[in-house]
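One structure is given below, encoded as structure tokens.
The values are calculated or read from the model by the stated rules, or taken from the named source; none is laboratory data. This is a predicted model, so every value here is computed, not measured. Note that each Cβ is placed from the backbone with ideal geometry, even for glycine, and that neighbours are counted across all protein chains shown. Just so you know, the surface numbers come from the protein's heavy atoms only, side chains and all, with ligands and any DNA or RNA stripped out. Shrake-Rupley method; radii C 1.70, N 1.55, O 1.52, S 1.80 Å.
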Amino acid sequence: MIHPRLTLALTIMEALAIFAYAISGFIEARTRRLDAVGTFLVAVATAFGGGTLRDVLLERRPFYWVEHQGYLIAIFVMSLFAPTLLKMTSRLLSERVLLVADAIGLGLFSISGTSIAHDAQMPWFTSVMMGVLAGVFGGVIRDVLCNEVPLILRDSRPYATCAFVGCWLYVLLDYMNFDTVYSVLIATAFILLARLATFRFNVRLPH
Amino acid sequence: MIHPRLTLALTIMEALAIFAYAISGFIEARTRRLDAVGTFLVAVATAFGGGTLRDVLLERRPFYWVEHQGYLIAIFVMSLFAPTLLKMTSRLLSERVLLVADAIGLGLFSISGTSIAHDAQMPWFTSVMMGVLAGVFGGVIRDVLCNEVPLILRDSRPYATCAFVGCWLYVLLDYMNFDTVYSVLIATAFILLARLATFRFNVRLPH
Amino acid sequence: MIHPRLTLALTIMEALAIFAYAISGFIEARTRRLDAVGTFLVAVATAFGGGTLRDVLLERRPFYWVEHQGYLIAIFVMSLFAPTLLKMTSRLLSERVLLVADAIGLGLFSISGTSIAHDAQMPWFTSVMMGVLAGVFGGVIRDVLCNEVPLILRDSRPYATCAFVGCWLYVLLDYMNFDTVYSVLIATAFILLARLATFRFNVRLPH
């Protein structure tokens, strides 16, 4: 049985993840001096790019952003006020909070991607790949649109690697017949903590 | 009842839109000094990219360029003569004519995208998003392939914004039970005129 | 009847093609100084990008890399040792061997793309387009991810052009009722030889 509180926790994490990714789109858009509509498009592509690619590959419909129109509309409204919003967030939210939100996004999108792919009868290695793709692809589109080498590819700090290991942890928990909600929470928490630890201990991958 | 003359008008506008987008691909390809095949690929991606993305998202088949092979073949032949063609067009067609053709393309692809998405049971906000995507995505691929920040994102002149407003106008007309062909023509004309007005009155979006 | 030896030949060529494309991803990743996971993602995108796009456009499932997980795992393991591997290959394999492998990949992916598209009832011109796309798209993604104008677009040496002509040769052989395996081998060999001939005779396309 799934506890209602856990479901609520998942919904909140999901919203956090989407807005964290959208805000990272706003920030990138500002450094490129994009206008309001460009900002909206980059933010939407960042927030929903990974999940949409996953659904296209798995032939799942409807897309998340079709079912939950509210997120689209909220990001649209936020785009109109993005400059003001960024000023506010840079005052209210420290760099660290954004980092945490982004890490939650990475964790949640990766784990849900793995879980959904496995439900669609994909073998485990493929499911993990789909999860990592779903987690990182939004940021890849954002950077390609803004004409940069994707951060995930050039950052020497483990990013996709955290997602990769976390997805395998999820696979392990699922194999051990853990309740899905607990597995999702534990694996997401692992990715979050692993990502934060790379900053704390200044971990860098070899080139 | 749809008047045969209106259908003819739509077919002509469609052909105009495809060729206008293809020619913008040729121009971009020339500034990057691409060869004939590269030019063909960029032109095809520009002309059909938006519609193909729309159809992948909506799971519609066959693609437009599969059903109307003639356009592909025509663009292929044009690619072989692109340098000559561009010299001819730069003599025969002024910058302004190209701008008008591109604006017709933007209008027609956006409105038809909105209409098709709504027919596929998408809610209105999503349909408008799909329409704007279908209208602008060809240009985005063109610019990504040629390694530039997409024009639509960096141009401070309203582009996606014109499409966005025009799509909502179409939604309004449809809601008021206008004949579809009239709605399409009116909304496309609106986008065309709005886009041209931004040049006439030098409208710029705030950064 | 298909000769078992020919089937074996095809399987070997396929493996060669995938690894050749993956290695070209490794090389590009090294010049961009990507880490191990970035290298893996670029290599996988290069090796399977073309076939995946083809399958998305044709609505074919499962994807090649889903059915043949082994390739994914092999590329993953190779990514961990990519720097060492590249040093080894640069000693064992000359530039020329890589070029041949890449040309085999181009040939095989293009011809199998054309064949698969035609089996899915696409008309011939469209099938050839799909084939060329499947052959070159992996390299396009690789270059877009690494923030370069795709090689195939800026290289003045015929690349897509070789694939294009070879695909039409395949169409001709198929039309003449040749056995499929022979047609595939002959057309692939044609693309391979045509590509190598462009280097031998220093052929360049006009700009």
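What do you get for Rg/Rh of chain A when both radii come from the Cα atoms and Rh is the Kirkwood radius? Mind dumping the intermediate values first?
On the way: Rg = 16.5 Å, Rh = 17.3 Å.
Result for chain A is an Rg/Rh of 0.96.
Compute the angle between helix C:180-200 and the longest alpha-carbon principal axis of chain C, please, reported from 0 to 90 degrees and rounded to the nearest 10.
Compared with the principal axis, the helix lies near 50 degrees.
Applying 1/(1 + (r/R0)^6) with R0 = 35 Å to the Cβ-Cβ distance of A:Gln121 and B:Leu16, what FRET efficiency is obtained, to the nearest 0.05?
Calculated transfer efficiency: 0.15.
If you place +1 on the Cβ of every Lys and Arg, -1 on the Cβ of every Asp and Glu, and leave all else neutral, what size is the dipole of chain A about its Cα centre, to the nearest 20 Debye?
Around 640 debye, computed over chain A.
Go through segment C:112-207 and name the trypsin sites (Lys or Arg not before Pro) that are in a DSSP coil and have 14 or fewer other Cβ atoms within 10 Å of their Cβ.
Values: sites: C:Arg142, C:Arg154, C:Arg195, C:Arg200, C:Arg204; in loops: C:Arg204.
Answer by residue number: C:Arg204.
Which chymotrypsin sites (Phe, Trp or Tyr not before Pro) in segment A:42-146 pass both tests, a DSSP loop state and at most 15 other beta-carbon atoms within 10 Å? Please list the in-between numbers first.
Values: sites: A:Phe48, A:Phe63, A:Tyr64, A:Trp65, A:Tyr71, A:Phe76, A:Phe81, A:Phe109, A:Trp124, A:Phe125, A:Phe137; in loops: A:Phe63, A:Phe81.
Sparse-neighbourhood loop chymotrypsin sites (Phe, Trp or Tyr not before Pro): A:Phe81.
Percent relative contact order of chain A, based on C-alpha pairs within less than 8 angstrom and at least six residues apart?
Taking the mean separation of contacting Cα pairs over the length of chain A, I get 24 percent.
What are the radius of gyration and Dmax of the protein assembly as shown, computed over its Cα atoms and given in Å?
Radius of gyration, then largest Cα-Cα span, for the protein assembly as shown: 24.5, 73 Å.
What's the local net charge at B:Tyr170, with K and R +1, D and E -1, over the other residues with C-beta under 14 Å away?
Net local charge, B:Tyr170 excluded: -3.
Segment A:6-67: which trypsin sites (Lys or Arg not before Pro) are DSSP loop and have at most 11 other beta-carbon atoms within 10 angstrom?
none
How much accessible area does A:Lys87 have with a 1.4 Å probe, in Å² rounded to the nearest 10?
We get 120 Å² for A:Lys87.
Taking Cα atoms, how many degrees apart are the long axis of helix A:4-31 and the longest axis of chain A, rounded to 10 and kept between 0 and 90?
Approximately 40 degrees, to the nearest ten.
With chain B treated as a Gaussian network of Cα nodes joined by springs under 10 Å, which of B:Leu192, B:Leu16, B:Leu57 yields the largest mean-square fluctuation?
B:Leu57
Compute the long axis of helix C:160-175 from its Cα atoms, compare it with the longest principal axis of the Cα atoms of chain C, and write down the angle in degrees, 0 to 90, nearest 10.
So the inclination is approximately 30 degrees.
Kindly state, to the nearest 0.05, the FRET efficiency for B:Arg157 paired with C:Leu99, given R0 = 60 Å and r defined as their beta-carbon distance.
According to the calculation, E is roughly 0.85.
Suppose R0 equals 25 Å. What FRET efficiency, 1/(1 + (r/R0)^6) with r the Cβ-Cβ distance, do B:Leu8 and B:Ile73 give to the nearest 0.05?
0.70
Test of understanding: in a Gaussian network model of chain B with alpha carbons linked when under 10 Å, which of B:Ala194, B:Ala120, B:Ala103 would top the mean-square fluctuation ranking?
Result for chain B, Cα springs under 10 Å: B:Ala120 fluctuates most.
Quick one: ranking B:Val56, A:Val203 by accessible area, 1.4 Å probe, largest first, what do you get? Show your work: numbers first, answer last.
Details: B:Val56 20, A:Val203 60 Å².
Most to least solvent-accessible, the answer reads A:Val203, B:Val56.
Mind checking which of C:Ile12, C:Ile27, C:Ile186 has the largest fluctuation in a GNM of chain C, springs on alpha carbons under 10 Å?
Most flexible of the set in this elastic network: C:Ile12.
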